[in-house]
1. Roughly how many Å² is the accessible area per residue of the protein assembly as shown, as a whole number, for a 1.4 Å probe?
2. Between segment A:61-123 and segment B:26-85, what's the alpha-carbon centroid distance in Å?
3. With point charges of +1 on the Cβ of Lys and Arg and -1 on the Cβ of Asp and Glu, referenced to the Cα centre of segment B:284-335, which listed residue (B:SER323, B:LEU294, B:PHE333) lies farthest in the positive direction of the dipole?
4. Would you mind computing, in nm to one decimal, how far apart the modelled labels at B:THR190 and B:GLN136 are, each placed 7 Å from Cα along Cα→Cβ?
5. Report the convex hull volume per residue for segment A:5-48, counting only C-alpha atoms, in Å³.
6. Where in chain A are the helices, taken as whole DSSP H runs, whose Cα atoms extend 24 angstrom or more along the long axis and whose Kyte-Doolittle mean reaches at least -0.5?
7. So if I take the centroid of the Cα atoms in segment A:141-196 and the same for segment B:214-272, what is the distance between those two points in Å?
8. Pulled fully out, how much extra length does the chain show between B:HIS261 and B:SER316, if you take 0.36 nm times their separation in residues and subtract their Cα-Cα distance?
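The values are calculated or read from the model by the stated rules, or taken from the named source; none is laboratory data. Since the model is a prediction, treat every value here as computed from it, not as a measurement. Cβ coordinates were reconstructed from backbone atoms using ideal geometry, including for glycine residues, and neighbour counts include every protein chain displayed. Please note that ligands, DNA and RNA were not included when accessible areas were found on the heavy atoms of the full protein model with its side chains. Shrake-Rupley method; radii C 1.70, N 1.55, O 1.52, S 1.80 Å.
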2 protein chains.
Amino acid sequence: MNPTIKDVAKKANVSIATVSRVLNNLPGYSDRTKAKVYRAIEEIGYQPNAIARGLINKRTQTIGVMFPTVSSLFSSEILRGVEDFAQDNGYSVVVCNTDSDGKRTLKYLQVLREKQVDGLIFSSEVLKDEYYKTLQQMQIPYVLVSTECQYDNVPYVKVDDFQAAYDAVEYLIRYGHRKIALLSGTKHDTIAGIPRIEGYKKALEQHGIPVNESYIAYGDFLFETGCKAMEELLTHAPDLTAIFAASDEMAIAAISVAAKHGIKVPDELSIIGYDDLKLARMSVPPLTTVRQPLYEMGNLSCQKLIRMIQTEEPESSMIMDHSIIERQTVRPFGS
Amino acid sequence: MNPTIKDVAKKANVSIATVSRVLNNLPGYSDRTKAKVYRAIEEIGYQPNAIARGLINKRTQTIGVMFPTVSSLFSSEILRGVEDFAQDNGYSVVVCNTDSDGKRTLKYLQVLREKQVDGLIFSSEVLKDEYYKTLQQMQIPYVLVSTECQYDNVPYVKVDDFQAAYDAVEYLIRYGHRKIALLSGTKHDTIAGIPRIEGYKKALEQHGIPVNESYIAYGDFLFETGCKAMEELLTHAPDLTAIFAASDEMAIAAISVAAKHGIKVPDELSIIGYDDLKLARMSVPPLTTVRQPLYEMGNLSCQKLIRMIQTEEPESSMIMDHSIIERQTVRPFGS
DNA sequence: CTGAAAGCGCTTACAG
DNA sequence: CTGAAAGCGCTTACAG
């Protein structure tokens, strides 16, 4: 049995109330008592029981974080941002891998509720109505990261996807490209899919370049589908000179497929990605891409969450700055 | 206020003991009572409080997992394996990012202890004596993954690093290579560093190839140092025809640097990596590498941990099978 | 089959 | 400055 507050009280010859006071730095005891208590704690190796504390305080100092896949470079970078802030502020984080599965997500929400987490971070997925409903029932604060929603009491932290896509494509245009293809993410994804498609189209239109649907191929942001989509592009739009990929993985896929076809990047084909994962530095050639500050996004969303937990005040949403990281996959057209 | 067991007792007109019994599927009530209780639970939307349960049961259904860096492809794949098994068996997992920092690790151990986790998984790092000491004090089971230690009451799950390195190098030799360099991990790392160096040396010796220290360059398993080490190799051992890299990231670094120098992989230089991260499929050309089954390692270590928690019996360690995944970075010498 | 009561390890008024 | 007591939301003997 681990020693309890009772044991230290007995050892120090005081009441448990007094022990509790010195443990919590509350006022109301002499220096001598304090010393006695600390000595007793030391001697018997006492550690407070956070569960008992949690029961009475109605605070567990624990938050939950939900990801579609924890094992992606994308999610795990956000996770690290969350974890760092949480740890520095005395919170623990329990991770939940939803596999983008509704049932699993709901089950998790249930578990987190029973475990009395103080708050929740929800990442990278659409906040379905049923999630929203249970979340509201749970009566705990939560924040969205790398996603957003229409309810305005729930803050989100993300990049402006439309604008970021627009900027990427405009960057390509500024370099003289006009035959620009889009390696798109999921077609009906309202968060990361549609806005990036719209940004792509808008940039072309603004520069008087007609949108050609055969210059758009769809994947699911991951490498495998990126390869397939890239193959399509190469057959349907063989004259393209540049590609905007809606994720770094798809951009890397484009590089791979191009290599397989003997197409030189960036000499014959320019490619710009999206995310700036660690991956981007490692490709050959290193990938030019739109950076999302994932660590910072995780960090800030955790900060907002903890603030909401502690103040019980609402927090506002935050659009993070994106930027274009120039590496070596884009080259002026015709040079 | 969330409804408690008291509220449902009142609503159902029974005692809280009875509610507790039906909630826990214990014997001792009529079907009619059971129905009444369930109806009450339904009506008031009752959810059990796991914290109160944990206090009395001395079980929190929570485990801790410690990684040097959660955000690496390596750690996060293990994490997913752990998380999957935990979730399927009713456990939650709290993640800890130690940054390989002793103070931070100790602080975490403290927190996990106070939060009364039922067990712990410790990943990828040497289990220092002070960690071992606190862990023993905590009196909870724990298992090591992707690392090992000399205490034989603590089970580990890992690959045979020496053998895996040996096999990788022998694979290169079988393909006719004799000028084989090693892109090593940290020199004094007793887990992933030394055994792989020894495996490399042993394979050479077994095949009558003298070990030449200028064919060995050191990094820390990551991309950046991999690039540096590769540059060294190229200046000190310009005649090498093959490289065994102690991690996929370093292998990718070798590919990048080779490309920069106009050296063709695999035509002029063969490279074999170590890990088989998702990364390995994405390089150009796709990386031949030694596979560690990271997901399975995480999964199994979690299974062992939960079994230890539930049975209070010791578990044995497990050496996982490695294998060579042939992709396109190795070619017979001279072909 | 069912309930009253003790207790898990704490915190927090309340009283002195 | 200090302690006795109630209570957080449960589970579990014990008694009937």
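1. 43 Å²
2. Between the Cα centres of segment A:61-123 and segment B:26-85 lies a distance of 15 Å.
3. The Cα lying farthest towards the positive end belongs to B:PHE333.
4. Each label point is offset 7 Å from its Cα along the Cβ direction, giving 1.5 nm.
5. Looking at segment A:5-48, the number lands at 57 Å³ per residue.
6. Working: long enough: A:294-311 (25 Å, 0.06).
What comes out of the filter, once short or polar helices are dropped, is A:294-311.
7. Spelled out, the Cα-based centre of one part sits 37 Å from the other.
8. Extra length available between B:HIS261 and B:SER316 comes to 15.0 nm.
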